[in-house]
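Comments concern the structure below.
Values in this text are rule-based calculations from the coordinates and carry no lab data. Small disclaimer: the values here were computed from a predicted structure and weren't measured. Every residue, glycine as well, gets a Cβ built from its backbone with ideal geometry; the counts of neighbours run over all protein chains shown.
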Amino acid sequence: MKWIDISFLLSRACDKKFAGFLVCAIFGTVAWFPLAWGFTSSSNFPHNGPKEFSARLMWKTGGRIANAQLFVKNDRYRIEPAGGIRTELGYASILIIRLDEQKTWYVFSQRRMIVSVPLTLDYLLPFSAKLEGETSRTVIGESVVGDQSALLYDVEVQDRFGQLERYFEWVDPQREILLKLLSQDRDWFVEYRHVVVSSQPDYYFEAPLGYRIIEAQEAPIPRG
């Protein structure tokens with residue numbers, strides 16, 4: 001697959017608005033996951049849960065709750081947010097995380113284009129019931145997540161900076177699948193409902209035929 005250099009693309013295009021918004025649209029206006037999950041210390045995130053599954057994804061950060069459909073296959077996953085991800089380029093209908101390539105792909109269906117950016121910790125989802133940096137775990141008791149029976153834990157984690165954080169964690173006791181993770185110290189959670197463990201098609205995680213791929217580099221975004 002041919003990768004298109006962004007500077008070459010922009011030198012051939014006359015759309016100055018597109019040129020000006022390309023990087024800041026991705027990094028400046030998308031507020032998606034909590035900024036760096038506290039227990040995630042590297043982009044080689046441990047994945048000790050099911051290797052292939054689909055689920056309804058729900059998360060909360062900054063007082064906002066959002067929903068998406070999630071598909072996971074080994075070292076990559078595909079997120080289809082309800083309503084898409086709003087950027088200055090329009091709505092990205094799909095987000096594909098490629099841990100194997102250390103890339104995040106924003107898929108713009110109307111433009112038939114993918115903007116590929118370097119993977120950051122902000123886009124890593126927890127899939128393992130055992131958390132990275134875990135220092136203690138206490139069983140609270142039986143609970144439910146949606147219509148799924150769960151076992152509720154109180155978990156303490158030490159992050160990469162040595163700071164301690166506590167979580168409530170709901171786990172499917174039969175399949176040992178993480179169903180929900182909620183921070184006791186910050187205003188966020190992530191939840192998986194209707195988890196179906198099954199093989200996922202390879203093409204879910206590849207560029208659709210006829211789509212151009214643009215490599216973009218992260219640039220500092222002025223904050224004010």
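Find out how many positive minus negative residues lie around Glu191, taking Lys and Arg as positive, Asp and Glu as negative, among other residues whose Cβ is under 10 Å from that of Glu191. Walk me through the numbers before you get to the answer.
Numbers: positive: Arg56, Lys60, Lys180, Arg193; negative: none.
Summing Lys and Arg as +1 and Asp and Glu as -1 gives +4.
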Cα gyration tensor category, rounded, prolate or oblate, for segment 101-161 with a/c compared to 1.5: oblate
Neighbourhood charge, 14 Å Cβ-Cβ cut-off, centred on Ile65 and excluding it, Lys, Arg +1 and Asp, Glu -1: +3
Extension reserve of the Asn74-Gln102 stretch, reckoned as 0.36 nm per residue once the Cα distance is removed: 8.7 nm
Value of Rg to Rh for segment 140-210 (Rh from inverse mean 1/r over Cα pairs, i.e. Kirkwood): 1.12
Simple label model, 7 Å out from Cα along Cβ direction - Arg137 to Gln163, nm: 2.4 nm
